[in-house]
Every structure is written in C-alpha cells, then in structure tokens.
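Here's the structure, in structure tokens; my notes come after.
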Amino acid sequence: MAKKTLNKADFGKGIRALLANPQELEQAVQENPQHVVRELTHTVAMLPIDQIEANPFQPRTEFDQTALDELTDSIRVHGLIQPVTVRRLHDKAYQLISGERRFRASQMANLTEIPAYVRLADDQQMLEMALIENIQRQDLNAIEVAISYQRLKEECSLTDETLSERVGKQRSTITNYLRLLKLPVDIQQAIKDGQLSMGHARALAGLNDIAFQLSLLRQIVQEGLSVRAVESLIARHQEDRSGKKAKAERLPDHLRNIQDQFRAYFGAKVDLKRNEKGKGSITIKFENDGELNRLIDLIESK
C-alpha cells in the first residue's frame, strides 16, 4: 500500500496532535521539516511536567530561594505565563532547553502540566529562521515579540549585536522589548490582553517600584490613562522621591509648566535652568542603561 504523503491540510489537525503521534510526526519531519519547525515556533503545547527532565548541561545550578518562592506563589495564582522550551526526545519524554527557574517553580507549585515550546533534535538553523519570520507577523502582542527575542538569544546563542542584525531592529528597541519580561505577571498579562499599549508598558518598565507599577496598572485600566498621562505621573513620582522639589519650585510658573511638559513627554526627571539673560540648559536624567535606551528609542521614533 502506498505511503500517505502529508500536506498542509494534514497540519489542520494541529501540531499538538502530531506531537502525540510519533509516526505521523516523524513522517512530517522527513517530508517537510521547515514547515514543522515553523509551526512549533508559535505553538504552545501543554506537557505533563513529569515527562520533562532537567538539562544535564544547565550551567546555572544555584537559584535565589526568595525569588524562586515569589515566582512559585505567582504561578500558583496566575499559572505559568511564559512557556519553557524543551527538546523532544520521544513521544513521552522531553528535555529542558531554557526556563529552568520557571520549571522548578512550577514543580514547587505542584502543577501537573505546563506550557512549552517544543523543539526537534537538530533544528537550530531552521529554528532561527522560523523565529525571525514569526517576529515579522502583525498579530503578535508586545510580550510575544519579547519572548521571541529572548528565545533567539537563549536558544540560538545570539548576542545583542547579532540579534539586532538578524531582525533588522536597533539594539535599543530589542532592549525595550526584553525589559517587558521583567515586569510583574499582572502587567504582562494586561499587555497580552490588550489593556496596555507598548507605550504604557515601556513607561512602567522604567520603574523599580513594583507597588507603584501595579498601582499605575489599576489606574490605566480603570481610568483609561494615556501614555503621556502615565509618563507625567511617573515623572512626578520620581521627583517626589528625589527630595529636590524646593529648587524646582523656584522657577517662574511659565518655565515650570515647560519643565513639566518635558517631564511628561520623556517620562523622566527633567531639570530646566535659565538665568536672567535667558541663557540656560535642559537636563534629562536617567537611572540606568535601560532607561537611557528607552529615551533614545523615544527620540528616534519621532
């Protein structure tokens, strides 16, 4: 009897069905490996956690216990938001590639299954091509784009410079996306749900105060705050914490208003100085390289 040839219509049953059927998956890989890898890059499979084994070559062996406990508590409430990545060994065995911390926290949270991206054994070059192709899609939210960038760095061993060249984006843009993955889970979920724009997210990512981040999230959702309004609130918050308001208040009202407009626009501390002859300066302050990249990206986007 002639061997059936799989075509694109056969993938209609879903890549998850193929993962559960070793013979059909093997046939699909032999006949159209590029298509299988492409499908796997943006398909999240729910895998039994006891079928996943740790990577024996994982270079990181020690994890901050407090941070791990906090992630475990978050996963108990919200589930695992960002999938791990595994390599398929056979139909009921997978080996962890990236996401060791998330994997351990999920075990501690007593989850029975977790979301995962599945890779084949020797798909490195095809994976890179497929992930880059995936980033070009128009329907991805900012978190999905950020995860794709992170996967390219981790799974394809790309430096920031090489990644920038591969995807045709400035390093500052990539940095801004990757910073989103450090935001609290509630904020990441709001981005995925379309409640926050990239502008909102970028402004929140510039804060180190988690409580204030979550407070702003509630205000944005409940009051429909614009990005500019959020940046203004952040600027005032940073000003209050600096303890240097008195000096700024000595400015005439019309100059103070101009200074406030700059602060609202950049979402950062801006100092305006002007002497009686009209000579002065405008200073934009930032806390770290990530904040500098955000400012550069904001200027370049105009």
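The values are calculated or read from the model by the stated rules, or taken from the named source; none is laboratory data. As the structure is a prediction and not an experimental result, all values here were calculated from the model. Counting neighbours? That spans all protein chains shown, and the Cβs are built from the backbone with ideal geometry, glycine included.
Any residue at all in region 154-175 that's in contact with a strand residue (DSSP E or B) (Cβ under 7 Å, 6 or more places away or on another chain) and closer than 28 Å to R76 by Cβ? Scanning region 154-175 turns up at least one residue that is in contact with a strand residue (DSSP E or B) (Cβ under 7 Å, 6 or more places away or on another chain) and closer than 28 Å to R76 by Cβ. If the condition is being free of Cβ contacts under 8 Å to residues at least 60 places away in the same chain and among the charged types (D, E, K, R), then region 193-222 contributes D193, D209, R218. Against the test of being in a strand (DSSP E or B), crowded, with 20+ Cβ neighbours inside 10 Å and either modelled with pLDDT under 80 or among the small types (G, A, S) (or both), the options A146, A116, A105 yield a single qualifying residue, A116.
Would it be correct to say that D260 is part of a helix (DSSP H, G or I) and either modelled with pLDDT under 80 or touching a strand residue (DSSP E or B) at 6+ places or on another chain (Cβ under 6 Å) (or both)?
Spelling it out, D260 is indeed part of a helix (DSSP H, G or I) and either modelled with pLDDT under 80 or touching a strand residue (DSSP E or B) at 6+ places or on another chain (Cβ under 6 Å) (or both).
One residue alone among L214, L181, L225 is of a type outside the set (G, A, S) and part of a loop (DSSP other than H, G, I, E, B), and that residue is L225. Examine region 206-217 for a residue that is under 25 Å from the mean Cα position of the chain (by Cα), closer than 30 Å to L80 by Cβ, of a type in the set (V, I, T) and surrounded by fewer than 19 Cβ atoms within 10 Å (Cβ to Cβ), and state whether such a residue exists. Yes. Within region 149-177, the residues that satisfy the criterion of being touching an Asp or Glu at 6+ places or on another chain (Cβ under 9 Å), assigned to a helix (DSSP H, G or I) and aliphatic (A, V, I, L, M) are L152, I174.
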